[in-house]
Structures are given as structure tokens and as C-alpha cells.
Amino acid sequence: MYSTLDGAKNHAKQLKRILSASGLIYSLAKCQAAVARAGGFRDWHDLTTNLQVDARSRPFFDFWGALVQQLPVPCHVPVRSYLRDCDDVSSNKKGLSEKWVRDVIPYCASLELVHRKHSSVLMPGSGRGQKLRLEIVSGMLLNVEGHDGFAPQLDPETLAIVQSGKPASLLPTLARRADFAHEIDVLISSEIIRVEREATTILGPPSSSLRDQIVRRAQRWNSQKEPEIKTYEISEELAARLKLQLELDRAEGGPKAPYDELEHLGVVLASRFSVAREFATMQAVVDAMGPTIRPRVSSIWCDSRACAVYAVEIKLGMNRSTLAEQIRASFLRATDGFNGLTVSHGSNTEFFNPEWPEFEQEDLQIEIDETITF
């Protein structure tokens, strides 16, 4: 969160860099407006006018989480990825394509499909030149001619795809067709594409329902590319034994709570076997965290099977160098100790070995008779 105008400006510039590195077209003015609204201001003007006038300390909260909610959906993945993995967004050099392949290409494919199915001038029966018009739109969005310089950009609000160059330079093979220029004019008049200066834009559909469809398809794009989870066939006897062991482990955990997870002071608590005393312990830990630590914590999970082994998840963008140690101290204040503690922020994880201070102190107090020989 920012407390000065310079801090707000830096957040807006950083947001602009994050989105630009992913090939998203989002102006600095829009980034400033989003930063202002996430901070509780009406707009950037309201922020610049009142940020320093109102010297009262504002309550600590999840600024980055609020900022994501102020952005169009296509902006969410780039921002979360930056917070989770500390992506390098210092530049968007040619060849560093991983980000825009992830964040723009799914929208190219989704927009092509929606235009193919719903834009009348691209559908069969729309008259002479229909096939060429479809080839033009598909070629631009899917790089059918396979050009190395293919680098589309996405307007996250309209879902339009912008490419550098005029249609003939983007599709030199198709441009040799005698009716290419005519069909380009048809696409322009039908508001499928727009050509301005040295840029060609494939416009998003005017229908909000079709835009929603594009977003949904794009969001599923990467999930469909996840590696298949391996499965193994086991005998019925082994399956029965494993099921019995799970039931025994669950029963040994102790009395159960009537829920699988619980939200306490904004932190989601979960127990592998829904053990009531584990929920009580985690609630005590949250209480011990205090107002500067608690808002940064997203969830705590207790592994009932391992006993007193906890996993803490930090809200994206709210980590700091001392936070894991402060969370460890909160556990030690609220409990007798733990058998393991993991604190994670995105891809960054810190692990603490077992600690049982009272038992360790008792061990130190035991007097050893050094006269005894073995």
C-alpha cells in the first residue's frame, strides 16, 4: 500500500510494466485510476488531492487483492503471476515471449472462434468472398502464415487484438489474391477489423455475452494444457486396506468439527480430518498474530495425519522479509509447539523444523549424574 503520492505513482508505473510485459494494452492513466480505486479513492484526481490532506492512518488491508479486483479479467493472471513468481517485467524484449503467449494467445484463439461462429460476414452463406474473409481473420489471429514477428497485443477491456503492420504485411501470401483489398474493405465496414496508420486491430464482439464467452475460453486455455495426472490400478484388497487405514487415521484424530473449513478473523482455517481441537489451536494462533500480521495471511492448514504440522499461505503481494519469522513466533505464543511449519508466498516457501520450547527446557533442566559409568 502507498502512503505518499510518489508511492502511488510507483505502484501505477509498476502495474503498467507488469501488463506491458504480457502484451496487454493498458494506459498509465488507467493504471493510475485502478491504483487510486484500490486505495479507496474515487479516481486519480481524488487521490492526488486528498492523499496528503488526510493524514489519518488508514487501516491495513490487502492492497494488491483490491487492485486485481479493479482490473479487467485478462489483467488478473499477469498481476498474480508477478506477485507469485516475482516475474521479471523490466522489459518486453522480442524473444521473451512466455508471458504474452500465456496471456494473449488464448484470447487470439478464443476471439477467432467467436468471430468464426458469430460474425455474419465470416459465416457460410454470407456471399462471395466469405472463405477469404475468414482466412484473413484466422490468419491474423492464429499466425497461419507462420511469421517470426508475430506479436499480438490485447486490449483487456474490449478484447481487441492489435498487431503492428497493415493487413498486406501481416498476410503477404493471402495479399497476392486479386480480391484481398476488397475483402479487407468488407471486414472494415463490418467492424471486424480496423486499420490505422501502421497497426491492424481485430475488434472484439460488441455483445457482452460473446465477450464473456471469450474470457471463459481463454481462462480454460492453460488449464487444458496441464499434464495428465497419472493413475494406477490397484487390487480391490489393497484399496480396501488403504480405505481402512484412512478411516483409522481419521478416527484417531479425535472429536470432529461439523465443518471442513472455518474462516476466523479473515483467515481460512482447514484441517485434513476436520479435528475440532486443531481448529481451536489455529484460531488461537490467528488471535496471537495481531493486526499487522493477520491481514497478510490467507489460510492455515493442519495436517491431522502428521499431528501439529501446519502450512500457512500468505496473500499474494503481502509478503515481507520478516513475516515468516513473525508467523513462527505467533505459533509459539499460542501453542506448545509444532512438528513442522511451512510458510508460503506464491513460489517462495520457508520451512521451520519442529519446535517444542517447554519440552526442550525440561530436557535442559534434567541433571545428569556424570559419575555413572556404563
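Tallying residues that are in a loop (DSSP other than H, G, I, E, B) and of a type outside the set (A, V, I, L, M, F, W, C) within the stretch 130-149 yields 6. Within the stretch 231-264, the residues that satisfy the criterion of being exposed (fewer than 10 other Cβ atoms within 10 Å of the Cβ) and hydroxyl-bearing (Ser, Thr, Tyr) are Thr231, Tyr232, Ser235. With a requirement of 1 or more residues that are in contact with a Cys (Cβ under 8 Å, 6 or more places away or on another chain) and aliphatic (A, V, I, L, M), the helices (runs of 4 or more DSSP H) lying completely within the stretch 236-348 that satisfy it span 276-289.
Could you please find all residues in the stretch 153-171 being more than 17 Å from Ser27 (Cβ to Cβ), surrounded by fewer than 21 Cβ atoms within 10 Å (Cβ to Cβ) and within 29 Å of the chain's Cα centre (by Cα)? Once the filter is applied, which keeps residues that are more than 17 Å from Ser27 (Cβ to Cβ), surrounded by fewer than 21 Cβ atoms within 10 Å (Cβ to Cβ) and within 29 Å of the chain's Cα centre (by Cα), the stretch 153-171 yields only Ser164. Of all the residues in the stretch 182-204, those that are surrounded by fewer than 15 Cβ atoms within 10 Å (Cβ to Cβ) and either assigned to a strand (DSSP E or B) or touching a helix residue (DSSP H, G or I) at 6+ places or on another chain (Cβ under 6 Å) (or both) number 3. In the stretch 139-159, the residues that are assigned by TED's automatic domain parsing to the domain that holds Ile193 and under 15 Å from Thr200 (Cα atoms) form Cβ pairs under 6 Å with partners that are outside any helix (DSSP H, G or I) and among the aromatic types (Phe, Trp, Tyr), at six or more places apart or across chains, as follows: Asn143/Phe150. When the stretch 14-35 is filtered for residues that are surrounded by fewer than 21 Cβ atoms within 10 Å (Cβ to Cβ) and assigned to a loop (DSSP other than H, G, I, E, B), the ones remaining, listed by number, are Ile25, Ser27. Checking Arg333, Arg320, Arg277 one by one, the residue that is basic (Lys, Arg), free of Cβ contacts under 8 Å to residues at least 40 places away in the same chain and farther than 19 Å from Pro255 by Cβ is Arg320 and no other.
Table: residues versus (1) in contact with a helix residue (DSSP H, G or I) (Cβ under 7 Å, 6 or more places away or on another chain); (2) outside the structural domain of Arg296 (by TED's automatic domain parsing); (3) among the charged types (D, E, K, R); (4) at pLDDT 90 or above.
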site: Met318; (1), (2), (3), (4): yes, no, no, no
site: Arg328; (1), (2), (3), (4): no, no, yes, yes
site: Leu332; (1), (2), (3), (4): yes, no, no, yes
site: Thr342; (1), (2), (3), (4): no, no, no, yes
site: His345; (1), (2), (3), (4): no, no, no, yes
site: Asn348; (1), (2), (3), (4): no, no, no, no
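Report whether or not Gln361 is at pLDDT below 70 and of a type outside the set (A, V, I, L, M, F, W, C). Yes. Among the residues making up the stretch 95-141, those that are over 33 Å from the mean Cα position of the chain (by Cα) and small (Gly, Ala, Ser) are Ser120, Gly125, Ser126, Gly127, Gly129.
The values are calculated or read from the model by the stated rules, or taken from the named source; none is laboratory data. Computed from a prediction, not measured in an experiment: that's the story for all the values here. Counting neighbours? That spans all protein chains shown, and the Cβs are built from the backbone with ideal geometry, glycine included.
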